[in-house]
Amino acid sequence: MTAKVKFDEVNVGDELPAQTYHVDRANLVMYAGASGDFNPIHWRESFAKSVGLPDVIAHGMYTMAQGGRYVTDWAGDPGAVLDYGVRFSAPVVVPDAGGADLELTGKIEEKRDDNTVVIALTARAEGQKVLTRAKAVVKLA
Amino acid sequence: MAINRDFIGRTFPPSEPYEVSRVKIREFADAIGDPNPVYRDPEAARAAGHPDVIAPPTFPIVVSLGGGALADPELGINFAMVVHGEQRFEYVRPVRAGDVVTCTSAITEIKAIGNNEKVDIVTDVKTSEGELVCKSYNTIVERGA
């Protein structure tokens, strides 16, 4: 269980390379099946609109998973993630045509004595922040 | 409608044991679009120091979701209006294939925020041997009409 990134080679304020992940309705159907969250706001447009949403929205946990993937791809070992938390600040609206893009950025916010770093993440869709107070604690090599 | 405040502080019995399989982990990794081999290939996982394939960091939601805590009709949640507010995991180690886990949940807070109702749930995910694998802190929000 070793991260690729070395603790001594990162500094507070360093930015992780930005990534964009595309999401469309098929991803949400797959995620519903894999996670067991079949709330129709994530796949049935008429239902989503009937409860006041602009359209189908992504599962919050799908968006959180993309943030997790962003961190684990950077760190190199998913087992190096010790803590990961987010606040879902706005829904990711996923139109039938074209889907949506999630833009992930991250920054080293803190270095701790035990070879861990705190990464502050942001995720945006349509220019709006969809995750806030998103932080991951990762043990580096 | 207000959510039943009598549930604040209530702890729920452990869930049925959930057997984590390689197939389920792969399905979840496919669903989140993550091609990392440690989620699929036992050899790759072992090379990275894990006894078997491990699950992505957000996988514990699969086993902790829909636990007894929210299922009780007396709680009075209207699921059509529920969105996820916050989520956090504290990991002791990754969930891995072969784990048999149970979840024990407690409702720690229910309160109104504007027109919305907010419920905080803490879940311990433990193996059948009693090893704590992770803790999940979940906040759900029932949107006001």
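Where a number appears in this text, it was derived from the coordinates with a stated rule and is not lab data. Just so we're clear, the structure is a prediction, and the values are computed from it rather than from any experiment. Here Cβ is always computed from backbone atoms with ideal geometry, including for glycine, and neighbour counts include all displayed protein chains.
If you take the beta carbon distance between A:SER46 and B:ASP30 as r and set R0 to 22 Å, what does 1/(1 + (r/R0)^6) give as a FRET efficiency, to the nearest 0.05?
Step by step, r from the Cβ atoms, then E = 0.20.
Sparse packing (at most 16 other Cβ atoms within 10 Å of the Cβ) combined with a DSSP loop state is found for the following trypsin sites (Lys or Arg not before Pro) in region A:10-85: A:ARG44. Along the Cα-to-C-beta direction of B:VAL100, a point sits 7 Å from the Cα; which residues of region B:108-130 have their amide N less than 18 Å from that point? B:125-130, by backbone N distance to the label point. Sorted into 5 angstrom bins from 0, the C-alpha pair distances of chain B split as 2, 10, 18, 19, 17, 13, 10, 6, 3, 1, 0 percent. Add +1 for every Lys or Arg and -1 for every Asp or Glu among the other residues with Cβ under 15 Å from the Cβ of B:VAL82, and state the total. Residues near B:VAL82 contribute -4 overall.
Counting only Cα atoms, region A:32-101 measures 42, 24, 22 Å along its principal axes, largest extent leading. The residues neighbouring B:PRO14, those whose beta-carbon lies less than 10 Å from its own, together hold a net charge of -1 under the Lys/Arg +1, Asp/Glu -1 convention. Taken residue by residue and averaged, Cβ atoms of other chains lying within 10 Å of the Cβ of B:24-32 number 5.
So which of A:LYS107/A:LYS129; A:LYS6/B:LYS126; A:LYS4/A:LYS135 end up more than 26 Å apart by C-alpha?
Where the Cα-Cα span goes over 26 Å, the pairs concerned are A:LYS6/B:LYS126.
Restriction of the GluC sites (Glu not before Pro) in region A:34-141 to DSSP coil positions whose beta-carbon has at most 12 other beta-carbons within 10 angstrom yields A:GLU126. Amide H contacts of A:VAL92: A:ALA58, each under 5 Å away and 5 or more positions distant or on a separate chain (H built 1.01 Å from N in the peptide plane; Pro and chain starts excluded). Working note: 222 nm ellipticity from helices only, DSSP H runs with n ≥ 4, each -39,500 (n - 2.57), summed and divided by the residues of chain B, gives -4000 deg cm²/dmol to the nearest 500. In loop segments of region B:93-129 as defined by DSSP, the GluC sites (Glu not before Pro) with at most 11 further C-beta atoms inside 10 Å of their C-beta are B:GLU129. Listing B:ILE140, B:ILE32 from fewest to most neighbouring C-beta atoms within 10 Å gives B:ILE140, B:ILE32.
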